[in-house]
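> After the structure tokens below, expect a handful of questions from me.
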Amino acid sequence: MANSTAKLKPHYHGHRGRLRDKLINHGPHALADYELLELVLGVALPRRDVKPLAKELLAKFGGLSNLLAASPGELAKFEGVGDSVIGMLKAQEALVLRYRREVAQDRPRMDSTAVVVEYLQARMNGLQHEVFHVLALDNKYKLVADEELFRGTINATAVYPREVVKLALQHGAAALIIAHNHPSGDSTPSDDDHLLTRELMQICASMGVELVDHLVIGEGAYYSFRAHGQI
């Protein structure tokens, strides 16, 4: 039998490939924080299994934001963290900061019903299925995130308040606008719409988050719970 000279790749090479494919195919939310950090550290330390280091760093600093904000001196205290890792982490921090700055400059300000309705009609008009959007805002009513949380049939969407709360916490929102469309074209809210609004008002109040409005978008028409004195 001929001797093979091929060398087996370390097990973590295949692991990184799977993480990379998961990120590309399913987005960043499909990965845990330590897995995202593994991909970053793996570039700086290609010949090392970096999962233990990723978990150790996150545990020490209490999360990604504190880790990226850490000084080079603080990072250098960890065994295995040299200039390549420190440089990679500080580059990531710089990218995040510049991304946030550019996004902040381009974010629309959702401080009037007319602006919000125009924005939502552009997103929802013509849809043949019902969708439920949450607009997360900062304390100046600038848009932080717009997420379609649910998609339903022609006349129904299952809305779970805990998912709305999760989104608000995830983005550090100071205020929320919730909205959904009625594919029938009639923007009159249903009994369920009223019930959901009351429930979310109570939840948001307990969190210290302002529920600015609940908008129902119809065909060329809309219903604002705030304008009708119901928020």
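Read the figures in this text as sums done on the coordinates, not as results from a lab. Here the structure is a predicted model, which is why all the values come from computation and not from measurement. Positions of Cβ are generated from backbone atoms using ideal geometry, with glycine treated the same way; all protein chains shown enter the neighbour counts.
> FRET efficiency for Asn125 and Gln230, Cβ-Cβ distance as r, R0 = 30 Å, nearest 0.05?
Numbers: r = 24 Å, r/R0 = 0.79.
E(calc), rounded to 0.05, equals 0.80.
> So for region 11-106, taking the charge dipole from beta-carbon charges (+1 Lys/Arg, -1 Asp/Glu), which of Ala59, Gly27, Val96 sits furthest toward the positive end?
Gly27
> Next question, about the same structure. Considering the chain as a Gaussian network with a 10 Å cut-off on Cα pairs, which listed residue, Asp138, Asp192, Asp146, attains the greatest mean-square fluctuation?
Its mean-square fluctuation being the largest, the pick is Asp192.
> What spacing in nm lies between the two simple spin-label points modelled at Ala69 and Met201, each 7 Å away from Cα in the Cβ direction?
Spacing of the two 7 Å Cα→Cβ label points: 3.6 nm.
> Treat the count of other C-beta atoms within 10 Å as a stand-in for reagent exposure and order His133, His194, His26 from fewest to most.
Numbers: His133 20, His194 13, His26 10.
Exposure proxy ranking, most exposed first: His26, His194, His133.
> Show the residues, 5+ positions off or on another chain, whose built amide H is closer than 5 Å to the amide H of Glu210.
Residues meeting the criterion, in which the H sits 1.01 Å from N, are Ala175, Leu176.
> Right, here's the next one. Putting +1 on Lys and Arg Cβ atoms and -1 on Asp and Glu Cβ atoms, find which of Gly87, His182, Gly126 reaches farthest to the positive end of the dipole of the chain.
Gly87
> Please list, in order along region 199-215, the HN-Hα scalar couplings obtained from phi with the Karplus expression 6.51 cos²θ - 1.76 cosθ + 1.60 (θ = phi - 60°), rounded to whole Hz, x for Gly and Pro.
Once θ is set to phi - 60°, the couplings for region 199-215 become 5, 6, 4, 5, 5, 4, 4, 5, 8, x, 10, 7, 8, 6, 6, 10, 10 Hz.
> Can you work out the base-10 log of I(q)/I(0) for region 113-224 at q = 0.09, 0.20 1/Å, using the Debye formula on its C-alpha atoms alone?
-0.20, -1.05
> Karplus couplings for region 178-184 from phi (6.51 cos²θ - 1.76 cosθ + 1.60, θ = phi - 60°), rounded to Hz, Gly and Pro as x?
9, 7, 8, 9, 10, x, 5
> Calculated from DSSP H runs of 4 or more alone, at -39500 (n - 2.57) each and per residue, what is the 222 nm mean residue ellipticity of the chain, nearest 500? Numbers along the way, then the final one.
On the way: 9 runs with 113 residues, N = 231.
Calculated from helices alone, the mean residue ellipticity at 222 nm is -15500 deg cm²/dmol.
> When all alpha-carbon pairs of the chain are counted, what percent fall beyond 26 Å?
Of all Cα-Cα pairs in the chain, 52 percent lie more than 26 Å apart.
> Okay, moving on. For the pair Asp186 and Tyr160, what calculated FRET efficiency results from E = 1/(1 + (r/R0)^6), where r is the Cβ-Cβ distance and R0 = 22 Å, to the nearest 0.05?
So, using R0 = 22 Å, E works out to roughly 0.35.
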